[in-house]
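Below is one structure, written out as C-alpha cells, with a few remarks after it.
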Amino acid sequence: MTQSDDNLDAMLGALLAPPERPGDRAFLSRVDHRIEAEAALMRAERRFWKSFGFEALAIGALLAALWLLSSSELLAPLAGPAHWGLAPPLLLILALWFAGTQRLRRL
C-alpha cells in the first residue's frame with residue numbers, strides 16, 4: 001500500500017464513521033410510528049380484499065341463483081316475458097348492499 005492509499009482509507013473512515021452525538025429519539029419515534037401505521041394500513045387492505053373477494057363470490061352465486069329461478073316454469077308468470085322481471089329490483093338491492101359493505105374498515 002502506498003501513502004495515498006493510507007490517506008484515502010483514513011479519509012473514507014472519517015467520512016463514513018457514525019456521528020459522535022447521541023441518537024435522535026424523536027426521529028426514531030416518528031419512524032417507528034410510521035412503520036406501525038403502514039403495517040396497520042397493509043392489514044386493513046388485506047382484510048378489505050379478502051372481504052371483497054368473498055362478497056363478490058357471494059354476489060355471483062346470488063346472481064346465478066336469480067337467473068336460474070327466473071327461468072324456472074314455476075316463477076315464469078312473475079318473471080315476465082323477458083324472464084328477468086324480478087331481476088332489476090333484486091340486482092339493485094344486491095348492488096347497493098355490495099357497494100355499501102366495500103370500504104376500508106377502521107382499525
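The values are calculated or read from the model by the stated rules, or taken from the named source; none is laboratory data. It should be emphasised that the depicted structure is a prediction, and the values quoted were computed from it without experimental measurement. So basically every Cβ, Gly included, is an ideal-geometry build from the backbone, and we count neighbours across all protein chains shown.
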Which one of the conditions (1) closer than 23 Å to residue 94 by Cα; (2) more than 17 Å from the chain's Cα centre (by Cα) does residue 73 fail to meet, given that it meets all the rest?
-> (1)
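Working only within the range 13-37, note down all residues that are assigned to a helix (DSSP H, G or I) and surrounded by 10 or more Cβ atoms within 10 Å (Cβ to Cβ). So that I can check it myself, show each step before the final result.
Just the residues of the range 13-37 that are assigned to a helix (DSSP H, G or I), to begin with: 13-16, 25-37.
Residues satisfying the conditions are 28, 29, 30, 31, 32, 33, 34, 35, 36, 37.
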Residues 5, 9: which one is modelled with pLDDT under 80 and either in a helix (DSSP H, G or I) or of a type in the set (Gly, Ala, Ser) (or both)?
-> 5
